[in-house]
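A.B. asks: Got a structure here, written out as C-alpha cells. Questions coming.
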Amino acid sequence: YGLVGSEMCIRDRYRQKLQDETGIKPSFFQLLSSSKRRLFYHLSLQELVAAVTRKEIRKQILNDVLIQEAIAYYKPDVIFLREPAQVNNRLFKELKKKHLIVTLIGCNIAHPLNWSPLHSDLIYTIIPEYDAFFRINGIRSSLFEYGIAEQAYAQKAKDIAVSFVGLLGTNEQMQKTLLMESVAARHPFQWWGPKGPLLDSFPHLTKTWQGIVAGKEMYEVYQRSKIVVNDYVDTANSQAVNMRIKEVMGAGSFLLTRFAENIRLLEDANALKTFTTEAECSQLISHYLSHEEEREQIAATGYIYARNHFGSSTVMEPMITAIAEALEKKRTETGL
C-alpha cells in the first residue's frame, strides 16, 4: 500500500523520509534531462515555463516528481490518498492505469490541486452528500466511519482545564472560531493548531494559542484535558463529521460538542455532552469543571463506547476487504 499525506508539515516529513529511504534528492534543473522527461508529462508547457522563475511552482513540481519516483521505487498495488491531498491530483489520472487509486475525502474539496473524483477507482467519504453525488455520477463510493487507534488511551494528570486542537481563524471555520473566542474569554482555555489569516481579529485566541501538535502529542493534550470543546466546519450542514469527537472519546477525556442530530445516540448513551449556543456551552463548562466525578464518569463511558464502536480494527476490516476486492477486479479487467 502506498500513502500520500495531507497537511503541509506532514507532507514535508514524508518527503524527507522518502528522500532518506530512496536516495532521491531531486533538483528542478537537474531533472530537465531527456531521461527524466517522463516525470513532466502531466504538466503543460505554460507550467514548465513559469517554473523557471517561480519558486513555488518549482516546489510543487518537485513534490510531484518525488511522488512519482517513490511510487516507482516502492511499486505499491494500492495508492491511498488521504484528504485534502494537497498534491497535484492530475498525477493520479495516469497512475490509475497501473495502480488502484483509493481516496478518503471528508473536508470540502476547495483545497486539493486539480482534484477530480474521476482520478480514483474507489472513494471513501464521511459526508452523505458527497457519497450521493459520486454515486449519481457513476463513481464507486462508500460512506466511511473514522476510527481510532485502540492503543491511544493512557491516564494522565488533568492539568489542562479546557482545550481545543484544530484550525481557527478562517472564513469556513468562523462558527468554530467565534465559539472558541467566547470560551477563551470566559474560562481557563488553551488551544493548539494552525492560525488562519483572520485570527488576529480574535484577541483571546491569540493569547491562548500554544503552538501546533499532531499525532501522539495531540492525544496527550486530550488526555491532560478536563474538558475538550468541539465544533464543526461551517460547511458541515449541521452534521458532526470531524474526527475530533472520536479522538477525544478514545483518549478517555470529557467531550463537550455542539449538538448534531447524527450524534444524538452518543449523548443518549451518556458518552459526551452537547450544547446549542455559546451561552449554554459556557454554562456547561462551568458545571463540569466543578463536578469532577460526574465529568469523569461521562469520559469513562465515552472511552468504552469509542473502543467498542470506533476501534480501528472494527472500522478498517470492511474497508480492507472492499479494497482487496476492487484490486482483484482491476487486475482481472486490466491484466495488471
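The values are calculated or read from the model by the stated rules, or taken from the named source; none is laboratory data. All values derive from a computational prediction rather than experimental measurement. Cβ placement follows ideal geometry from the backbone for every residue including glycine, while neighbour counts extend to all protein chains displayed. We work out accessible area using only protein heavy atoms, side chains counted, and drop any ligands, DNA or RNA first. Shrake-Rupley method; radii C 1.70, N 1.55, O 1.52, S 1.80 Å.
A.B. asks: So if I check each of L100, L104, L81, which one is in contact with an Asp or Glu (Cβ under 7 Å, 6 or more places away or on another chain), modelled with pLDDT of 65 or more and under 30 Å from T170 (Cα atoms)?
C.D. replies: From the options L100, L104, L81, the qualifying one is L104.
A.B. asks: What are the residues in the range 197-224 that are surrounded by fewer than 18 Cβ atoms within 10 Å (Cβ to Cβ) and in a loop (DSSP other than H, G, I, E, B), if any?
C.D. replies: P197, L198, Q210, G211, I212, V213, A214, G215, listed by residue number.
A.B. asks: Mind counting the residues in the range 229-251 that are open to solvent by less than 10 Å² (accessible area, probe 1.4 Å), closer than 20 Å to G311 by Cα and in contact (Cβ under 8 Å) with a residue 60 or more places away in the chain?
C.D. replies: So the answer is 3.
Listed here are the residues, each with its yes/no results for (1) in contact with a His (Cβ under 6 Å, 6 or more places away or on another chain); (2) modelled with pLDDT under 95; (3) within 23 Å of I126 (Cα to Cα).
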site: I263; (1), (2), (3): no, yes, yes
site: S282; (1), (2), (3): no, no, no
site: H309; (1), (2), (3): no, yes, yes
site: S313; (1), (2), (3): no, yes, yes
site: E325; (1), (2), (3): no, yes, yes
site: T334; (1), (2), (3): no, yes, no
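A.B. asks: Sort out which residues of the range 194-207 are touching a strand residue (DSSP E or B) at 6+ places or on another chain (Cβ under 7 Å) and either closer than 19 Å to L255 by Cβ or of a type in the set (A, V, I, L, M, F, W, C) (or both), and write them in order of number.
C.D. replies: Listed by number, the residues that qualify are L199, L205.
A.B. asks: Among (1) open to solvent by less than 40 Å² (accessible area, probe 1.4 Å); (2) in contact with a Pro (Cβ under 6 Å, 6 or more places away or on another chain); (3) under 26 Å from S120 (Cβ atoms), there is one condition A161 misses while meeting the rest; what is its number?
C.D. replies: Result: A161 passes all but (3).
A.B. asks: Can you name every residue in the range 112-145 that is over 20 Å from K96 (Cβ atoms), open to solvent by 40 Å² or more (accessible area, probe 1.4 Å) and not in a helix (DSSP H, G or I)?
C.D. replies: Correct list: L143, E145.
A.B. asks: Further, regarding this structure: I'd like to check something: does the range 262-274 contain any residue that is more than 26 Å from the chain's Cα centre (by Cα), buried (at least 21 other Cβ atoms within 10 Å of the Cβ) and of a type outside the set (K, R)?
C.D. replies: No, every residue in the range 262-274 fails to be more than 26 Å from the chain's Cα centre (by Cα), buried (at least 21 other Cβ atoms within 10 Å of the Cβ) and of a type outside the set (K, R).
A.B. asks: If you don't mind, there's one more thing I want to ask. Please verify whether the range 174-192 includes one or more residues that are within 30 Å of L118 (Cα to Cα), hydroxyl-bearing (S, T, Y) and not in a loop (DSSP other than H, G, I, E, B). Break it down into steps so the answer makes sense when it comes.
C.D. replies: So the first thing to find is which residues in the range 174-192 are within 30 Å of L118 (Cα to Cα), and the list is none.
No; the residues of the range 174-192 include none that is within 30 Å of L118 (Cα to Cα), hydroxyl-bearing (S, T, Y) and not in a loop (DSSP other than H, G, I, E, B).
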